[in-house]
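The values are calculated or read from the model by the stated rules, or taken from the named source; none is laboratory data. On a predicted model such as this, the values are computed, not experimentally measured, just so you know. Neighbour counts run over all protein chains shown; Cβ positions are idealised from the backbone, glycine included. With ligands, DNA and RNA removed, areas are computed over all heavy atoms of the protein, side chains included. Shrake-Rupley method; radii C 1.70, N 1.55, O 1.52, S 1.80 Å.
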Amino acid sequence: MSAGFKHNHLLGIADLDANDVTEILDAAAAFIEVSRRPVRKVPTLRGKTVINMFFEASTRTRTSFELAGKRLSADVVNISGSGSSLSKGESLLDTCKTVAAMQPDIVVIRHSASGAPHFVAERVGCSVVNGGDGAHEHPTQALLDAFAIRQSLGTLEGLKVAICGDISHSRVARSNARLLNLFGSEVRFCAPGTLLPPEAATLGAKVYHRLDEALEGVDVIMLLRIQRERLEGPLLPSLREYSRIFGVSQRHLDGAAERAIVMHPGPMNRGVEIHPALADSDRSVVLDQVEAGVAVRMAVLYLLAKGVRAQTPAQAATDGG
Ligand code: NCD
């Protein structure tokens, strides 16, 4: 019986401690097997309802939450911003109350406003998962990144992790920095000054402006795209110049640790922040991150759903398999 996880919602890594993270990753380690079988389904969440509300573009996060719910036998419904009544002027709160009246067990929300999932969580009766809110947090991304790091390097402790790219607009960078801080790993942010957040120090990150210095001795290189949809004004002279100075290619691995892995949450802008050959190299764990995403989201749905935890994740992952 996994009795440790006490949270009703997953709104941010800021609400978790290292034990919570480890519990989620251990559950995900049990569930990852389900996706590798010929029949990718267990009955754990039969009779439960998950509603995905994605008010911003998404490929990986939305699809993997949907698959995670379906592989656990939950009923999963997807609502998108453009196809919903938000496009007719309904407020986020009215949309969420409407959805809550349909009695879901868990709602997953992605929204461009920081704090939107927290606002909703205080006003609906079901569990809320943050699928990415503005530039604030993206907790399941940091958890799946942690899963992929642990899978490749065996630990989350004592690592040196460089996060490079558009950090100021990145909820992925913020959630990852918070998670890695919990395990005492060193976080480095590398970006031009215009793409660095003012709160780098509060996030426990050391700031670098030169790639070769930032990548010296690192175990993990995490690359982020320029979030053109969030840029307000010209923060960069040109993408070409950015890629010449901050684009990472195989030669940049020279100064990194021998075992260093390269990560990207996607979507990648090949030839901008990451050289195509590096993205496709054996140092890249980008597709392992995607696989981990389904397992981590299965773990999160399992841990948040009420009344299913008489089974351990290992039992849940074998039941009906
Ligand atoms: C990220 C996001 O949406 O924050 N993508 C993702 O969830 N895999 C990063 C991004 O959009 O660049």
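Tell me which of these residue 31 doesn't satisfy, since it passes every other one: (1) touching a helix residue (DSSP H, G or I) at 6+ places or on another chain (Cβ under 7 Å); (2) within 16 Å of the ligand (Cβ to nearest atom).
(2)
Within segment 273-304, count every residue that is in a loop (DSSP other than H, G, I, E, B), more than 16 Å from the ligand (Cβ to nearest atom) and not acidic (Asp, Glu).
3
Condition first: within 24 Å of the chain's Cα centre (by Cα) and not in a helix (DSSP H, G or I). Now tell me which residues in segment 213-231 satisfy that.
215, 218, 219, 220, 221, 222, 223, 224, 225, 226, 227, 231
How many residues are crowded, with 24+ Cβ neighbours inside 10 Å and of a type outside the set (S, T, N, Q) when one looks only at segment 129-144?
9
In this structure, is residue 174 farther than 25 Å from residue 243 by Cα and either assigned to a loop (DSSP other than H, G, I, E, B) or within 16 Å of the ligand (Cβ to nearest atom) (or both)?
No: the conditions fail for residue 174.
Among the listed residues 150, 62, which satisfies the condition of being touching a residue at least 12 places away in the same chain (Cβ under 8 Å), open to solvent by 40 Å² or more (accessible area, probe 1.4 Å) and over 30 Å from residue 206 (Cβ atoms)?
On inspection, the qualifying residue turns out to be 62.
For residue 307, are the conditions met, namely being within 19 Å of the chain's Cα centre (by Cα) and closer than 30 Å to residue 66 by Cβ?
no
Do we find a residue being open to solvent by 70 Å² or more (accessible area, probe 1.4 Å), touching a residue at least 24 places away in the same chain (Cβ under 8 Å) and farther than 26 Å from residue 133 by Cα anywhere in segment 14-32?
Looking for residues that are open to solvent by 70 Å² or more (accessible area, probe 1.4 Å), touching a residue at least 24 places away in the same chain (Cβ under 8 Å) and farther than 26 Å from residue 133 by Cα, one finds none in segment 14-32, hence no.
Does residue 301 count as closer than 24 Å to residue 152 by Cβ and modelled with pLDDT of 95 or more?
no
Exactly one of (1) in contact with a Gly (Cβ under 6 Å, 6 or more places away or on another chain); (2) open to solvent by less than 10 Å² (accessible area, probe 1.4 Å); (3) within 16 Å of the ligand (Cβ to nearest atom) is unmet by residue 50. Its number?
Only one criterion in (1) in contact with a Gly (Cβ under 6 Å, 6 or more places away or on another chain); (2) open to solvent by less than 10 Å² (accessible area, probe 1.4 Å); (3) within 16 Å of the ligand (Cβ to nearest atom) is unmet by residue 50, namely (3).
Can we say residue 259 is under 23 Å from residue 175 (Cα atoms), open to solvent by 50 Å² or more (accessible area, probe 1.4 Å) and assigned by TED's automatic domain parsing to the domain that holds residue 151?
For residue 259, the condition - under 23 Å from residue 175 (Cα atoms), open to solvent by 50 Å² or more (accessible area, probe 1.4 Å) and assigned by TED's automatic domain parsing to the domain that holds residue 151 - is not met.
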